[in-house]
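One structure is given below, encoded as structure tokens.
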């Protein structure tokens, strides 16, 4: 029995090491996939906002036809925002910034559209406009919730791959830190709305 003891110890150590590495890898994959799935939810929320915009623009057109410059700016910003996509498996800080910049452009254009709506009392009383405005506000809230969930899941994944000894295993298996969704520079300032 004494001569088998070293072999038993080696087998136990190898087994425990294998379980630790397997557990790390499986958890890292799960956390990473959860974050990627939630990124899809973020994009879906932005898409919902983009889908509402043509109806909103058409409703405003009927009341504010001479505001064509603003209406065209909204349509152009929507086009740019919907054409900027990021593959969830390649969420680099640069691509995230590009995506956010396109979305910020659309948010600014929508803000100008809402300022126009303030000039037209009959538009503000239109039930279609009010319903679309309400849906847009709800969608903005969804976007914020999904971005926060995404950042939370990215945080769980990033912590998992950074703690010791997981940081060693992360290097072996090629798990890299994921980027969080960050506010665009200057977004902490309230927009200047003038009537």
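Just so it is clear, none of the values below were taken in a lab; they were calculated from the coordinates. Small disclaimer: the values here were computed from a predicted structure and weren't measured. No Cβ is skipped: glycine too gets one built from the backbone with ideal geometry, and neighbour counts run over all protein chains shown.
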Quiz item: Quick one: 175, 164, fewest Cβ neighbours within 10 Å first, how do they rank?
Solution: 164, 175
Exercise. Give me the distance in nm between label points sitting 7 Å out from Cα along the Cα-to-Cβ direction at residue 85 and residue 44, one decimal.
Key: 1.6 nm
Quiz prompt | the chain, helix-only ellipticity at 222 nm - DSSP H runs n ≥ 4, -39,500 (n - 2.57), divided by all residues, nearest 500 | solution = -27000 deg cm²/dmol
Quiz item: Which stretch or stretches of segment 62-92 have amide N atoms under 11 Å from the point lying 7 Å from residue 120's Cα along the Cα→Cβ direction?
Solution: 62-68, 71
Quiz prompt | Correct option for Cα extents along the principal axes in Å [calculated from the coordinates] among [x] 94, 28, 25; [y] 46, 44, 35; [z] 48, 44, 27 | solution = [x]
